[in-house]
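Below is one structure, written out as structure tokens, with a few remarks after it.
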Amino acid sequence: MAKNKFDELDRLRGTAAPVTSDSARRRGVDAALRAYDLAENPSAATQGHADGRRLIDRTMMFWREIMQKKLIAVPALTGLVALPVAGLVGWQIVDDYRAGARPDDAVVETRAPARERMQAPGEAADSEVPSPEADAADKAVQPAPLQEAAPPPPIAGLQRDTSAYHQQSMSQNRMTLSAPAMAVPEPMPMPPQARDRLEGFDGNPVRAVVDDPVSTFSIDVDTASYAFVRRSLKEGRLPQPDTVRVEEMINYFPYGWPAPRDAEIPFNTTVTVMPTPWNDQTQLMHVAIKGFDLQPAAKPRSNLVFLIDTSGSMSEPDKLPLLTNSFRLLVDRLGPDDTVSIVTYAGNAGTVLQPTQVSEKATILAALDRLEAGGSTAGEAGLREAYRLAETSFVEGGVNRVMLATDGDFNVGQTSDDDLERLIEDKRETGVYLSVLGFGRGNLNDQMMQAIAQSGNGTAAYIDTLAEAEKVLVEEASSTLFPIADDVKIQVEFNPVHIAEYRLIGYETRALAREDFNNDRVDAGEIGSGHSVTAIYELTPVGSPARLVDDLRYGAPPAAPTTTTSDELAFVKVRYKTPGEDESRLLETPVTGANMVPSFDAAGEDQRFSVAVAALGQKLRGQDALSGFGYDQVLEIASAARGADPFGYRAEFLSLVRLAAALDR
């Protein structure tokens, strides 16, 4: 009997550790499929552990089987058995961990097969190892083709990147597996099903100048789209086309456009006409506007109300924790005489902090630190309370602004975009501006955020990392907080003698009727201190083979130009209001041959880089005009025009182009 035991041990000692089995690989595929199904049907998800057995179940069964067979009943054999048993135990843990773990730092709950489910309360323990028949049945099942599921959002709260969180998470896993009790950490929660609300829109069409010679739109200094696109690409997926607003991508970057000499004329307009890099038969007309930059001594006092969404959907690390740390950065930027109030809203709205001077910074930061997420989303009540506080502590001649921070989920009170727009339109008459800061993914109501920002003399940004919060709220605090011009509209008239067709790149959601340009009652965008605004048109010259629209058979020929306009390609008009005024002012800029450069490379670095950004945005939207223009060509333009890049934004753009190229195959 003893001889047989030693024979078994000798055979066990000489057995090589098996490679990962087909069964383990199948379990990994099954886990991925179940995770995808769970993401498609979040109601099926339950709290706590997944209903599959924990990673150590098989190990415990293996150990129990050995104990029951009394293989180590003889003390003298304990040392001989320990090493091979420990090897098999370790191999089984690694095998199970590989089968159940995701390739990134997020752990996803999965439903295990019936034979591997955790026992219900009161149910007898199941000590049976899966039978060979069951494994054979598994092998007979061929999994369906995998469909790509959206990866979970990265944890981007308190650090600039996820490395610290990842290291902490993996360290906890290692500690847990090696603990004497062999307890397994709670799995991270399943990312929410993607329920982002996006405003769908079509790209601007090519327009014939003889039929429609005038283009009118509201300026846009929002940057939310670029940050959202960046997050998508860094998570390994192409962004949805409706998240790509090309003008917001272009205007994300600081440019060195010539600034006005003084505040009497709040901004300066620079126009450059250059060959189109993606079409030899067309030209680009680049319109750049630079706002006057207020000096620190001239900056007025600020009265800010932080309106913070603390509903249950904000509980994720890249929402409320990131939000509070972002506002801490802004508070550090404010002057001691500035005022901060805090309003939160969940099931109802409440004032967390009455208007408090920043000289009492500790009080403001303590109020931020106390915030917790939970409940539904009474956004309308929060807006009303925030505006009430802003009006109560209104600063004449100063900055009065509500800063709404949310994932956009309003589900209590007025919840439709139209109702909220009307509410914001009424409140903007009080002189209180609005900034909208979006956080998180999966529940983001981008459509609502854009609507109320445009209706409330406001701007919209998307905060996905603390670095982005620093850009928006610290580096660009002046342009974010201090308006220098309201209701800024652009109107361009093209001369049919020289230009046959045109296409505005971006600004689809900012289009205005021709008659709106001179109507001071029509709201438009705002420009902050030092803001840059860029618009790019693609032009088809008369006689170019690139024309897409035929002449009308019975249409009248273009009118003969007058002597004074014969060399004009276009005429650019900008209308704006000085903050606090009701009557607009007008700036005019003729575009002539003097604005043209002979080659694309002869244009300035900033012009060329902004064109590269416009090209990437159009490719991500699937624009036909860029179908023959590759990502490598976008990268070549951006690399050559990178220029000064003190904050690394342009270097990051280059990496995004590479990511898009790798994903768009």
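Can you pull the accessible area of Phe201 for me, 1.4 Å probe, Å² to the nearest 10?
30
If one computes the Cα centroid of region 433-447 and of region 638-665, what distance in Å separates the two points?
So the separation of the two Cα centres works out to 25 Å.
Tell me, in nm to one decimal, what length is gained between Asp418 and Asp664 on full extension, where the rule is 0.36 nm per residue of separation less the Cα-Cα distance? Let's see the in-between values first.
On the way: separation 246, 0.36 × 246 = 88.56 nm, distance 3.62 nm.
Using 0.36 nm per residue and subtracting the Cα-Cα distance, I get 84.9 nm.
Any idea of the accessible area per residue across region 437-562, 1.4 Å probe, to the nearest Å²? Please report the intermediate quantities before stating the final value.
Working: 4290 Å² over 126 residues.
Using a 1.4 Å probe on heavy atoms only, each residue of region 437-562 averages 34 Å².
When the Cα centres of region 305-325 and region 591-632 are compared, how far apart do they sit, in Å?
Region 305-325 and region 591-632 have Cα centres spaced 38 Å from each other.
Tell me, in nm to one decimal, what length is gained between Ser599 and Asp242 on full extension, where the rule is 0.36 nm per residue of separation less the Cα-Cα distance?
Values: separation 357, 0.36 × 357 = 128.52 nm, distance 3.27 nm.
In short, 125.2 nm is gained.
Could you please state how large a percent of the accessible area of region 304-405 is carbon and sulfur, counting protein chains only and using a 1.4 Å probe?
Working: 1590 of 3570 Å².
The C+S portion of the solvent-accessible surface of region 304-405 is 45 percent.
With a ≥ b ≥ c taken as the square roots of the eigenvalues of the C-alpha gyration tensor of region 436-491, please select rounded if a/c is under 1.5 and otherwise prolate if a/b is larger than b/c or oblate if it is not?
Working: a/c = 2.84, a/b = 1.21, b/c = 2.34.
Oblate, because a/c is 1.5 or more while a/b does not exceed b/c.
Calculate the translational D of region 576-661 in whole µm² s⁻¹ from Stokes-Einstein, where the hydrodynamic radius comes from the Kirkwood formula applied to all Cα pairs, the temperature is 4 °C and the viscosity 1.567 mPa s. Numbers along the way, then the final one.
Numbers: Rh = 15.4 Å.
My calculation gives 84 µm²/s for D.
Top to bottom by accessible area (1.4 Å), largest first, where do His286, His498, His531 land?
In descending accessible area the options line up as His498, His531, His286.
Val399's amide H: which non-local residues (gap 5+, or another chain) put their own amide H closer than 5 Å, with H modeled 1.01 Å from N in plane and none for Pro or chain starts?
Here Arg301, Ser302, Asn303 satisfy the definition.
Need one word for region 265-336: rounded, prolate or oblate. Basis is the Cα gyration tensor (sqrt eigenvalues a ≥ b ≥ c); a/c below 1.5 gives rounded, then a/b vs b/c decides.
Values: a/c = 4.29, a/b = 1.62, b/c = 2.65.
Oblate, because a/c is 1.5 or more while a/b does not exceed b/c.
Within the accessible area of region 425-558, what % is carbon and sulfur when the probe is 1.4 Å and the other protein chains stay in place? Walk me through the numbers on the way to the answer.
Working: 2100 of 4510 Å².
After summing per-atom areas, the C and S share lands at 47 percent.
Do any of Lys299/Lys619; Lys319/Lys427; Lys319/Lys489; Lys234/Lys361; Lys471/Lys577; Lys577/Lys619 go past 32 Å between their Cα atoms, and which? Present the calculation step by step, with values, prior to reporting the outcome.
Working: Lys299/Lys619 40 Å; Lys319/Lys427 27 Å; Lys319/Lys489 34 Å; Lys234/Lys361 35 Å; Lys471/Lys577 27 Å; Lys577/Lys619 35 Å.
The answer is Lys299/Lys619; Lys319/Lys489; Lys234/Lys361; Lys577/Lys619.
Dividing the convex hull volume of the Cα atoms of region 289-374 by its residue count, what figure in Å³ per residue is obtained? Intermediate results must be reported in sequence, preceding the final value.
Numbers: hull volume 10.2 nm³, N = 86.
That works out to 118 Å³ per residue.
From largest accessible area down, sort Met274, Met596; use a 1.4 Å probe on the protein chains. Don't skip to the answer; put the middle values down first.
Working: Met274 5, Met596 75 Å².
Sorted descending by solvent-accessible area, the residues read Met596, Met274.
Over the heavy atoms of Ile527, what accessible area does a 1.4 Å probe trace out, to the nearest 10 Å²?
That residue has around 0 Å² of solvent-accessible surface.
Under 11 Å from the Cβ of Thr589, count the other residues' Cβ atoms, weight Lys and Arg +1, Asp and Glu -1, and hand me the total. Walk me through the intermediate numbers first.
On the way: positive: Lys573; negative: Glu568, Glu588.
With Lys, Arg at +1 and Asp, Glu at -1, the net is -1.
Could you tell me which of rounded, prolate or oblate describes region 302-343, using a ≥ b ≥ c as the square roots of the eigenvalues of the alpha-carbon gyration tensor, with rounded for a/c under 1.5 and, failing that, prolate when a/b is larger than b/c and oblate otherwise? Each step should come with its number before you reach the end.
On the way: a/c = 5.16, a/b = 1.92, b/c = 2.69.
It is oblate, given that a/c is not under 1.5 and a/b is not larger than b/c.
Leaving out ligands and nucleic acids, note down the accessible area per residue over region 226-339 with a 1.4 angstrom probe, in whole Å².
34
Keeping every protein chain present and rolling a 1.4 Å probe, give me the accessible area per residue for region 590-646 in Å².
Details: 2420 Å² over 57 residues.
Per residue, region 590-646 has 42 Å² of solvent-accessible surface.
What FRET efficiency do you get for Glu425 and Glu636 if R0 is 45 Å and r is their Cβ-Cβ distance, rounded to the nearest 0.05?
Working: r = 45 Å, r/R0 = 1.01.
The computed FRET efficiency comes out at 0.50.
The values are calculated or read from the model by the stated rules, or taken from the named source; none is laboratory data. The shown structure was predicted, so the numbers you read here are calculated from the model rather than taken from an experiment. Counting neighbours? That spans all protein chains shown, and the Cβs are built from the backbone with ideal geometry, glycine included. Heavy atoms of the whole protein, side chains included, go into the accessibility calculation; ligands, DNA and RNA do not. Shrake-Rupley method; radii C 1.70, N 1.55, O 1.52, S 1.80 Å.
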